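The structure appears right after this line, and notes come after that.
The values are calculated or read from the model by the stated rules, or taken from the named source; none is laboratory data. Worth saying up front: this structure is predicted, and the values here are computed from it rather than measured. Quick reminder, even Gly has a Cβ in these numbers, built from the backbone with ideal geometry, and neighbours come from all protein chains shown. Keep in mind that these areas ignore ligands, DNA and RNA; they rest on the heavy atoms of the full protein, side chains included. Shrake-Rupley method; radii C 1.70, N 1.55, O 1.52, S 1.80 Å.
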Amino acid sequence: MAPILRVHVPFLKISPSKVARREHDVSTYEAVHVRKTGTQPRVMSVSTSVDYHGVSALVRFTRPHTVLGTVTSVCSMTLLAASHVRIFDVFGILGQALLPAVFMNIAIVGLNQVYDKRIDMVNKPYLPMASGEFSSNTGLLLVSASTAVAFTWGALSESTALISTLLVSLVLGILYSVDLKMLRWKRFPLLAAGCILLVRALTVHVGFFLHASPQPINIIPPSLMHVVAVMTIYSIVIAIFKDLPDISGDAIHGIRTIGIQLGVKTAFSLCVFLLFLAQTWGAVHGFHSGSILRSSVLITSHVLGVVFVLTKAFKVDLLSSASLHAYYMFIWKVIYFPLLSSY
């Protein structure tokens, strides 16, 4: 008689009733086999672990909103720089840049979680490092693997612009997060903001634009200057606002963020003003965007953006970390449109 095949799936969510029925079927089979042969059936165990909880932790470790921002930046800069290139060539250029960009993003946010573990126990207990789902060694392993994949894939492209962009981004991430002498720039508000601004506004957009450009450029085109200018404003907002929901943990660990120095109300008002400025700038830029259709889309969307920015700002409870965090996530959504509409 054929042996019983038991499949152990420890993290797969199966209802208790189904588990009970399956165990009953196996037990019945074993009892019948014993009565007929007088021996126990041979049992083979095959482990096919589907760790959905682990997958969830891994997704949270990657900080999906930052990954989406990076993907949007890479796609928009590729389409902007290679607008006159054949579509299949555009996909090839995008394929060279997108994977290393995402993995470098994961490496940088992962590195920050490794060194912010104690702070995140207060500020972001849902992150896998802070919750204990991932150990520090696991975090560092994921960071190392992501960095290796990013540089290996980038090297295959033989693109100086791409490799330089990855390298500068990693260096700035190390300066920002790593808790060593002369590093850990996140402790100093201006240096912390400078790191975020250099990565999110300048390095990513100029670097990936140069990578995708079919010919060397000597002068930055106006379209790229507009994107960098708008993203500079958004990067300043991110640099200030990202710490507002985390005032408690930062204060306990001596991180003197702009929110702590200015106060939540003043910092929040400054961010809302800068968002208003960025959206207004986008609407004005729409008047000089060429076709009537594109101008209409840009103007209408940015006017709506102003409405949403102000409307949601009035509903924020400045004493609630959850409310501030929700508005922070809204800011990331606002960022995506100027990138997608840049080309």
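Here are the numbers for this structure:
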| item | result |
| --- | --- |
| Zone of MET329's modelled label, taken as backbone nitrogen in the stretch 242-260 under 20 Å from a point 7 Å along Cα→Cβ | 242-249 |
| Within the stretch 150-287: Cβ-based charge dipole about Cα centre, in debye rounded to nearest 20 (Lys, Arg +1; Asp, Glu -1) | 300 |
| Inter-label distance, nm, simple model (7 Å from Cα along the C-beta direction), LEU310/VAL171 | 4.3 |
| Area of VAL297 that stays accessible when all protein chains are in place (1.4 Å probe, Å², to 10) | 70 |
| Prolate/oblate/rounded call for the stretch 163-236, Cα gyration tensor, a/c under 1.5 rounded | oblate |
| Spin-label model distance (nm) - ARG187 vs VAL284, 7 Å beyond Cα toward Cβ | 4.0 |
| Length-normalised contact order for the stretch 83-180 - Cα pairs under 8 Å, 6+ apart - percent | 40 |
| Heavy atoms of THR160: accessible area, 1.4 Å probe, square angstrom to 10 | 110 |
| Accessible-area order (highest first, 1.4 angstrom probe) of the listed residues CYS271, CYS75 | CYS75, CYS271 |
| Label-point gap, in nm, between ALA148 and SER248 - each point 7 angstrom along Cα→Cβ | 3.9 |
| Rounded if a/c under 1.5, otherwise prolate or oblate - the stretch 173-326, Cα gyration tensor axes | oblate |
| HN-Hα J in Hz across the stretch 269-279 - Karplus 6.51, -1.76, 1.60, θ = phi - 60°, x for Gly and Pro | 4, 4, 5, 5, 4, 5, 5, 4, 5, 5, 5 |
| Accessible area of MET182 in the full protein assembly, 1.4 Å probe (Å², nearest 10) | 150 |
| Relative contact order (%) - criterion: Cα under 8 Å, at least six apart; region: the stretch 46-132 | 37 |
| Entries in LYS242/LYS315; LYS117/LYS186; LYS117/LYS315; LYS117/LYS242 that, when Cα-Cα distance is taken, lie over 23 Å | LYS117/LYS315 |
| Gained length - VAL264 relative to ARG294, 0.36 nm times residue gap less alpha-carbon distance | 7.0 nm |
| Sequence-separation-based contact order of the stretch 239-343, relative, with Cα cut under 8 Å and 6+ spacing, percent | 27 |
